[in-house]
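Visitor: Dumping the structure here so I can ask a few things about it.
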Amino acid sequence: MNDHVLVINAGSSSLKYSLIDAGSGEAAAAGVVERIGEPEGVFRHRGPDGETRTTRPIGSHEDALRAAIDAFEEHGPSLDGIEIAAVGHRVVHGGSRFGDPALINEDLIDEVSDLVPLAPLHNPANLEGMRVAGRLFPDLPQVAVFDTAFHQTLPPEAYTYAVPRGWLAEHGIRRYGFHGTSHAFVSEQAAQLLGREPADVNVIVLHLGNGCSAAAVRGGKSVDTSMGLTPLEGLVMGTRSGDVDPAIHAYLAREAGLSLDEIDHALNFESGLKGLAGENDFRELSRQREAGDEQARLAFDVYCYRIRKYVGAYYSVLGKVDAIVFTAGVGQNSAEVRSASLEGLEGLGIEIDAERNAESSDEARAVSTKDSRVAVLVIPTNEEWQIAREALKLVRS
Ligand code: AMP
């Protein structure tokens, strides 16, 4: 059976791809083209013979995907030898319209275009990826897998903002949530690790990467999540503030004369860990903190405190919690974030085992004590594999 899916994640100036066996999750090859449209593009392709890296100008997303196709021929594996079942696209915003993956056609492209105002940084690039792949792989089914889709099961009391009622109908103002592909993958893996059916477990997922979000997942369905209308709300992130008083905009506009665009930019790109400590890379922040830097210490404390607040909130949303799962770059690798965020929560049945937590590993594992009522798990996320699985399921259905 041919289970390979070409997964494409098109960003504004980058294009990532991987050719994945949706059954095993194994990537036959993967690569990334960065700095598209700049004088010097960077292209890396990892195939059976290892990684190759080249730098040259790459003018457009179409040139980027052509370069990837050439790399498959030059460095393997040859696409002639692999039957591809589908192309799966990561699409950031599916609004209220898409609760499931969908086949890409002209109607879908129109609908995703209508959602551009909600995700001006991401959806245009995702659309470009779809158009380009449609041209270069005209015979393959193309599937859109939405970052928002997993959270379409949120109940109205969780997704509704207490703002004038007409804003939802007129402007689509509600919580959508993001990182859904990761939350879906990781919560299912958590059930597997616990040896139970996803329908029988309640999980709090903490996706802590450059972007960070928490999700409360009851019986395999997302019932609350920390990101909202846009990926700015919720946890503290690398450069994003997460939750702030919404009056900050009006206050800064009136008192500091900042424009809405300036404030929006500052909250998205100059805030979070970077805003507090001048550093958004967590490894570097940890080094600075260990060297005694006070701002780095405060940034770390604010970051972990916000996680702890969301764990408490989602604990009461779920009532009974079987597992708390850490994933993504920081969640998988930072033992100190895991222990600082959950320290002192024995009363809630959450007990981290210091030794297990300190071990570094790429495997999914438990880092809680044997007696901990709530399992604390570290599970590597794999959004590409999840996109491949969902795309394949759709084209096979
Ligand atoms: P992601 O968006 O999942 O790629 O995560 C990126 C974040 O993970 C960056 O802030 C990295 O500094 C952080 N990260 C990656 N590896 C480690 C590590 N070993 N320890 C702490 N943070 C890490």
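The values are calculated or read from the model by the stated rules, or taken from the named source; none is laboratory data. Nothing here was measured: the structure is a model prediction, and the numbers come from that model. With ideal geometry, Cβ positions are generated from the backbone for all residues, glycine too; neighbour counts draw on all protein chains shown. Each accessible area value is taken on the protein alone, full model and side chains, heavy atoms only, with ligands, DNA and RNA left out. Shrake-Rupley method; radii C 1.70, N 1.55, O 1.52, S 1.80 Å.
Visitor: Do you know which residues across the range 223-234 are surrounded by fewer than 23 Cβ atoms within 10 Å (Cβ to Cβ) and either under 20 Å from residue 121 (Cα atoms) or in contact with a Phe, Trp or Tyr (Cβ under 7 Å, 6 or more places away or on another chain) (or both)?
Guide: Looking only at the range 223-234, we keep the residues that are surrounded by fewer than 23 Cβ atoms within 10 Å (Cβ to Cβ), and these are 223, 228-230, 232-233.
Answer for the range 223-234, where residues must be surrounded by fewer than 23 Cβ atoms within 10 Å (Cβ to Cβ) and either under 20 Å from residue 121 (Cα atoms) or in contact with a Phe, Trp or Tyr (Cβ under 7 Å, 6 or more places away or on another chain) (or both): 228, 229, 230, 232, 233.
Visitor: Take the conditions of a type outside the set (S, T, N, Q), surrounded by 18 or more Cβ atoms within 10 Å (Cβ to Cβ) and more than 20 Å from the chain's Cα centre (by Cα) and apply them to residue 119. Does it pass? Lay out the reasoning, then the answer.
Guide: Details: of a type outside the set (S, T, N, Q): yes; surrounded by 18 or more Cβ atoms within 10 Å (Cβ to Cβ): yes; more than 20 Å from the chain's Cα centre (by Cα): no.
In short, no.
Yes/no per residue for (1) touching a residue at least 24 places away in the same chain (Cβ under 8 Å); (2) part of a helix (DSSP H, G or I); (3) in contact with a strand residue (DSSP E or B) (Cβ under 9 Å, 6 or more places away or on another chain):
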residue: 68; (1), (2), (3): yes, yes, yes
residue: 72; (1), (2), (3): yes, yes, yes
residue: 93; (1), (2), (3): yes, no, yes
residue: 112; (1), (2), (3): yes, yes, yes
residue: 151; (1), (2), (3): yes, yes, yes
residue: 158; (1), (2), (3): yes, yes, yes
residue: 167; (1), (2), (3): no, yes, no
residue: 175; (1), (2), (3): yes, no, yes
residue: 181; (1), (2), (3): yes, yes, yes
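Visitor: Now for a separate question. Would you check which residues across the range 182-204 are within 15 Å of the ligand (Cβ to nearest atom) and under 15 Å from residue 154 (Cα atoms) and list them?
Guide: Residue satisfying the conditions is 183 alone.
Visitor: Looking only at residues in the range 238-270 that are touching a residue at least 40 places away in the same chain (Cβ under 8 Å) and not acidic (Asp, Glu), which one is farthest from the ligand (Cβ to nearest atom)? Don't jump to the end; show me each part of the working.
Guide: First, pick out the residues of the range 238-270 that are touching a residue at least 40 places away in the same chain (Cβ under 8 Å): 238-239, 242-243.
Okay, now just the ones that are also not acidic (Asp, Glu), so 238-239, 242.
Values: 238: 5, 239: 10, 242: 15 Å.
The selected residue is 242.
Visitor: If you check residue 99 against the conditions, is it in contact (Cβ under 8 Å) with a residue 40 or more places away in the chain, out of contact with any Pro (no Cβ under 6 Å at 6 or more places or on another chain) and part of a helix (DSSP H, G or I)? Please lay out each step first, then the result.
Guide: Values: in contact (Cβ under 8 Å) with a residue 40 or more places away in the chain: yes; out of contact with any Pro (no Cβ under 6 Å at 6 or more places or on another chain): yes; part of a helix (DSSP H, G or I): no.
So residue 99 does not fit the description; no.
Visitor: Then there's this: Check the range 271-291 and report whether any residue there is open to solvent by less than 70 Å² (accessible area, probe 1.4 Å), away from the ligand (no atom under 16 Å from the Cβ) and either modelled with pLDDT of 95 or more or in a helix (DSSP H, G or I) (or both).
Guide: no
Visitor: Then there's this: Of all residues in the range 302-313, count the ones that are over 24 Å from residue 380 (Cβ atoms) and within 16 Å of the ligand (Cβ to nearest atom).
Guide: Kept after step one, since they are over 24 Å from residue 380 (Cβ atoms), are these residues of the range 302-313: 302, 305, 309, 312-313.
Retained after the next criterion (residues that are within 16 Å of the ligand (Cβ to nearest atom)): 302.
So the answer is 1.
Visitor: Hey, another quick one. Looking only at helices (runs of 4 or more DSSP H) that fall completely inside the range 314-388, which ones have 3 or more residues that are out of contact with any Pro (no Cβ under 6 Å at 6 or more places or on another chain) and more than 16 Å from the ligand (Cβ to nearest atom)?
Guide: Details: elements: 328-333, 335-342, 354-358.
Helices (runs of 4 or more DSSP H) meeting the threshold: 354-358.
Visitor: Of the conditions (1) surrounded by 13 or more Cβ atoms within 10 Å (Cβ to Cβ); (2) in contact with a helix residue (DSSP H, G or I) (Cβ under 7 Å, 6 or more places away or on another chain); (3) without any contact (Cβ under 8 Å) to a residue 24 or more places away in the chain, residue 46 satisfies every one except a single condition; which number is it?
Guide: It is condition (2) that residue 46 fails.
Visitor: Any chance the range 116-136 includes a residue that's of a type in the set (Lys, Arg) and either within 16 Å of the ligand (Cβ to nearest atom) or part of a loop (DSSP other than H, G, I, E, B) (or both)?
Guide: Looking only at the range 116-136, we keep the residues that are of a type in the set (Lys, Arg), and these are 131, 135.
Going one step further and asking which of them are either within 16 Å of the ligand (Cβ to nearest atom) or part of a loop (DSSP other than H, G, I, E, B) (or both), we end up with none.
No, there is no match, as no residue in the range 116-136 is of a type in the set (Lys, Arg) and either within 16 Å of the ligand (Cβ to nearest atom) or part of a loop (DSSP other than H, G, I, E, B) (or both).
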